[in-house]
Amino acid sequence: MSSPSTVQLRVFRYKPGDPAPHYDTFAVPVTPRTTVLEALQAIRRDQDPSLMLRHSCHHASCGTCGLRVDGQEVLACVTPLADRGPVVTVEPLQNAPLLGDLVVDMGPFYAVFTQAGMPLVRSTEATAASRPAAGIERLTRFENCLECGLCVSTCPVAATDPLYLGPAAMAAAWRVVQEPRGQNPARALAWVDQEHGCWRCHLAFECSTVCPNDVQPGQAIAALRQRLALGEPAPPGPAAAATRPALAPTGPARRVGLRAWLDPRGRDVGYWAFVLHRLTGLALVVYLLLHLWVLRLLARGPAAWDEFIALARSPLFLALDGLLLFGVLFHGLNGVRVALVGLGAAARRQRGLFWAVLLLTLLLLAAGVAALVAAVH
Amino acid sequence: MSAYHVVIIGGGATGAALAHDLTLRGVQVTLVERGEVTSGTTGRHHGLLHSGARYAVKDPESARECIQENQILRRIAPGSFELNDGLFVALTDEDLAYYDDFMEGCANTGIPTRTLSRDEALRLEPNLNPDLKLAVQVPDGTMDAMRLPLRFLATAKHNGARVHPFHQVTGLVFQGRTVAGVQVRDHRRGRDFTIAADLVVNAAGPWAEHVARMAGVDVPVVPSPGVLVAVRGRWTNMVINRLHRAGDGDIVVPQRTLSVIGTSSWVVDDPDHLDVPEEHIRLMYEKGAEMIPALARAPMRAAWAAARPLVGSRQAQSGRELSRTFKVFDHAAEGVEGFVTIVGGKATTARIMAEVTADLVVRKLGLDAPCRTREVVLLPHTAYYT
Ligand SMILES: Cc1cc2nc3c(=O)[nH]c(=O)nc-3n(C[C@H](O)[C@H](O)[C@H](O)COP(=O)(O)OP(=O)(O)OC[C@H]3O[C@@H](n4cnc5c(N)ncnc54)[C@H](O)[C@@H]3O)c2cc1C
Ligand code: SF4
Ligand code: FES
C-alpha cells in the first residue's frame, strides 16, 4: 500500500443553540482504503472529540452512517476518501431533523413505517423455509432495505412535503403487495393511495440511484401506482392519515414551499431532470393557450393574420420559437426516459439517460433552429 | 418502581440487555454512551447467533451459555434472526479426525446436530467446496448485530429507562470510597454535568479497563481485534463453519445480499486504534475460499476490525487462548463500593450476562426482584426511535 497522503475534510458543524451551521476543516491522512467513516472517527479521536456521527456495522448493513459527501448521499463506511480531490465536504442527510453535526433524528423516518399499522419492516425469516439453491448468489431479497434514509434525503418531494410517505416506506409497502406473508396487501395499497402517498411522487428516481442496497424504491412506487390504476381496486381500508411529526424542531431552518423547489443546494441530476420536466410541461400548457389565442386572429380576416406573420418573422419571435422547440423536445424525450425508468427497464441508468436526453434535445434543437432560420430567410 | 437509580456506562449489547433487565426489576436506569448506541464492538460483530458448536470442544462453558441463550433469544426476539442454521464442513482428513471430538462436545453441551453426507450438503449448499467430506448441521443463525440490542434498548426505554447517546463518561463521582455517580460530557450541547447514582455499572466492553481506572481499580480486559471482510453476493443460505479447532477465517455468515468472512485475532492496547492489515484481508479471502471457492472472485464490499472485550491475562498473544465466557466484578472486593464491571462474553450471551450482573446489582441494593428477561418478548427495533 502506498504511503498515506493528506485530504482536507470540510465537515458540517451545528449544535442546538448555534445561530447557524458552519464548516470546520480537518486535515486527515488517508490510504487508498481509508473510508469517510474511518477519517471521521480519526478526527473525533485525535482532533475534536465533540464531533457527532452515527455508525455501527462498518459494512453497509445497518444503515446508520448515511451522509452527504460532496453533496451525494452515501454510506460513509463504504465510501473511500482517496481520489476525491484535496477537499472533501461532509454534511448530514437532508429532510430529517438535525440533532447535531452529522447526526439526524431517525424518529420521523421510522414513524412513517409504523403509521401503516402493519409491520412493514419485516422479519428476516424468509430464506429459512425457501431453501434457495442454484443462483442464490444473485438473490436479492425483500428485506434488502437498510433503513438508511438516503432515499428520503435525496427525494425532491420529501423536501417539499413533510407528510410525504417517502420512498423507503413505499418500497416496504410494495414488498407487502408482492410477498404478503400473512399480511393484507389491500391495506398496504390503501395506505399509499393518498395525497401524500404514491401519487405524490414526481419520478425523480434519485432514490433508486442513491440506494446502497438495490431496493429500487422508485420502481416500487411506480409499481404501486400501476397496481392501483390497473389492478383490482383496493377496498377503502382504515388507512392511517398522514401524521408525521413536524420536521426540524431543533435544526437550522430548512427550505420549504416554492423556494425549496429552486434551491440548488444538495440537488442531484434526477432532481434537475424533474424540475426541467415540470417547467417545460407548464410552459407547453401556456404555449397551447397562446396558440389558441393566436388562432383566434384567423377569424378577424387576412389583414390581422398578415400582421401576425410579420411579427412571427422578428428575431425575438424566432428566439421564442427556439425555446418552444427546446420545451417540446426535452419534455417529449424525457417523457420517454421517465417511462423507461419507471418500468424498471433503465432504472440504473437514469442519470446517463438524462444526459443522453439533453444531448439529443440540443442536437435536434440545433437542426430545428437551422431549418427555421433557413425557412425565414 | 424502586427509588434506586443505576447508571450504566456503555450502549453496546451488554449495556442494552442490562438496561432492559434492571428496568424490568423496577430499578431506575440511565444508560450513557459516548457515541451512537452500538457504535463500539457490538454493531461491528460477525452477525452470528452462536449455537455454541464453535466452542463445544475447547470452551464448553461458553458453548453451554450460547445454546441456552440461542433458544431464549429466538423466543424473546422473534424476527431478529434468519432461522437459517449453520453447517460445519470437513474438507480434509485432519478435519475428519476432529469429527468425533466435535460430536462429543456438542452432545455434552446440549447442542443438537445432524450429520450430512457430502451429497446432502451440496444439495443444500451447491456453492460449497465439492471436495468436502461431510458436514454437520447445527442451530447457528444470522442475526442483525445492531437491531437486536436496539430491541433491548427500545423495551427498556418504553418501560422508563433513560438512554443518552453522545454522552461520554469523563470521570466518576466519589463519596469517600463509594462511587456515587458519573461525570459526563454531553457532546450535543457541549456541557459537562454529573449524574448521581446508587450504583454504577461499567459495561464499556473493550474500554472497560479505561473506565475502571477512573475508579482506581483494574479489570483484566484484553482488547482483541479481529478483521472481517464482507463480499458481495449471498453465496450460501446457511452459516458455514470449518469443522476444526477454531482458527482464522473459518466462518462465513450470509447477511442479506452479502457474505461476511471472519475472522482473525490479535491483541491491542487501545480499542480506538484498530487498523485493518492488508494481509488479514487476503487471509480472509483465502480461508473463506477453501470452504466456498466462489468467494475468491467475489468483489469486496467492506473490510473492518472490531475489538473483542476478552477477560484474561494481558500476556495473551493472539486472544484465541482466552475463554469467550464473561465475568462480573464487584469492586467492593478492592475496597470500592457502588461500582460493578461486566465484561467478556458474546452478543449472543448478552442477556445472561445482564441477568447475572443484575442479580448482583439488586443484591447490593438490598432489593428482592427476580429476573424476567427470559419471558418478556422485546419490542421491535423501530420502537427505539419512535
Ligand atoms: C471480530 C468480532 C466478531 C464477533 N462476532 C460475534 C458473533 O458473530 N456473534 C456474537 O454473539 N458475538 C460476536 N462477537 C462478540 C461481541 O461482538 C461482543 O462480545 C459484544 O458486542 C460486546 O458488547 P459490549 O456491550 O460488552 O461492548 P461494546 O459493544 O464495545 O460496548 C461498549 C460501549 O461502551 C462505550 N464506551 C466506552 N467508553 C465510554 C465512556 N467513557 N463513556 C460512555 N460510553 C463509553 C463504547 O462506545 C461502546 O459502545 C464478536 C466480536 C468481534 C471482535
Ligand atoms: S430504500 Fe434504499 S436508500 Fe431507502 S432506506 Fe432502504 S436501503 Fe436506504
Ligand atoms: S456503519 Fe452500518 S451501514 Fe455504514
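The values are calculated or read from the model by the stated rules, or taken from the named source; none is laboratory data. Here the structure is a predicted model, which is why all the values come from computation and not from measurement. Reconstructed Cβ throughout: ideal geometry from the backbone, glycine too, with neighbour counts over all protein chains shown. Heavy atoms of the whole protein, side chains included, go into the accessibility calculation; ligands, DNA and RNA do not. Shrake-Rupley method; radii C 1.70, N 1.55, O 1.52, S 1.80 Å.
For residue B:29, the residues 5 or more places off, or on other chains, whose built amide H falls under 5 Å of its own are B:6, B:162. Among the residues of B:375-382, the average count of other protein chain beta-carbon atoms within 10 Å of the residue beta-carbon is 3.
Mind scanning A:15/B:346; A:15/B:157; B:157/B:346; B:58/B:157; A:15/B:327 and naming the pairs with a C-alpha gap bigger than 29 Å? Pairs exceeding the cut-off: A:15/B:346; B:58/B:157; A:15/B:327.
Among the residues of region B:253-288, those with an accessible-area drop of 50 Å² or more from chain alone to full protein complex, heavy atoms and 1.4 Å probe, are B:256, B:257, B:278. Contact order, relative form, for region A:6-103: 35 percent (alpha carbon pairs under 8 Å, 6 or more residues apart, mean separation divided by residue count). Take the accessible area of B alone and of A alone, subtract that of the pair with a 1.4 Å probe, and the total buried over both chains is about 4300 Å².
A simple packing score, the average count of other Cβ atoms within 10 Å per residue, orders the peptides A:22-28, B:201-207 as B:201-207, A:22-28, with the highest score first.
Here's how it looks for residue A:23: its modeled amide H is under 5 Å from those of A:13, which are all 5 or more places away or on a different chain. Peptide B:184-191 shows a mean partner chain C-beta count of 4 within 10 Å per residue C-beta. What's log10 of I(q)/I(0) for region A:269-376 at q = 0.14, 0.16 Å⁻¹, Debye sum over Cα points only, no solvent? Taking Cα atoms of region A:269-376 as identical point scatterers yields -0.67, -0.80. Stokes-Einstein, applied to the Kirkwood radius of the protein assembly as shown over Cα pairs at a viscosity of 1.306 mPa s and 10 °C, places its translational diffusion at 56 µm² s⁻¹.
Using a cutoff of 8 angstrom between alpha carbon atoms and counting only pairs six or more residues apart, the relative contact order for region A:269-376 works out to 35 percent.
Per-residue packing, averaged as other Cβ atoms within 10 Å, sorts the ranges A:184-197, B:139-152, B:292-305 into the order B:139-152, A:184-197, B:292-305, beginning with the highest. Near residue A:306: Cβ cut-off under 13 Å, other residues only, Lys/Arg at +1 and Asp/Glu at -1. The net charge is +1.
Counting protein heavy atoms only, the protein assembly as shown has 58 percent of its accessible area on carbon and sulfur, 1.4 angstrom probe. Applied to region B:67-79, the Karplus parametrisation 6.51 cos²θ - 1.76 cosθ + 1.60 on θ = phi - 60° returns per-residue 3J(HN,Hα) values of 5, 5, 5, 3, 6, 5, 4, 4, 7, 8, 10, x, x Hz, with x for Gly and Pro. In chain B, Cα pairs under 8 Å separated by at least six residues give a relative contact order of 23 percent. Working value for chain B: equivalent-ellipsoid semi-axes of 37, 21, 19 Å, each the square root of 5 times a Cα gyration tensor eigenvalue, largest first. Annotation: per residue accessible area for chain B equals 35 Å², rounded to a whole number [probe 1.4 Å, protein chains only].
With N the number of residues in region A:6-103, Rg(Cα) / (2.2 N^0.38 Å) evaluates to 1.00. For region B:113-120, the Karplus equation 6.51 cos²θ - 1.76 cosθ + 1.60, evaluated at θ = phi - 60°, returns couplings of 9, 9, 8, 10, 6, 3, 5, 4 Hz by residue, with Gly and Pro reported as x.
For region B:252-386, the Kirkwood estimate of hydrodynamic radius, built from reciprocal distances between every pair of different alpha carbons, is 18.6 Å. Other residues whose C-beta falls under 15 angstrom from the C-beta of residue B:175 contribute a net charge of -1, scoring Lys and Arg +1 and Asp and Glu -1. Placing +1 on the Cβ of every Lys and Arg and -1 on the Cβ of every Asp and Glu, with nothing else charged, gives region A:6-103 a dipole about its Cα centre of roughly 120 debye. Partner chain Cβ atoms within 10 Å, averaged over the residues of A:58-68 - can you pull that number for me? If you average over the peptide's residues, the count of other-chain Cβ atoms is 6. Answer with one residue from A:364, A:340, A:320: the one whose Cα lies farthest towards the positive end of the charge dipole of region A:269-376, charges on Cβ with Lys, Arg +1 and Asp, Glu -1. The residue sitting most towards the positive pole is A:340.
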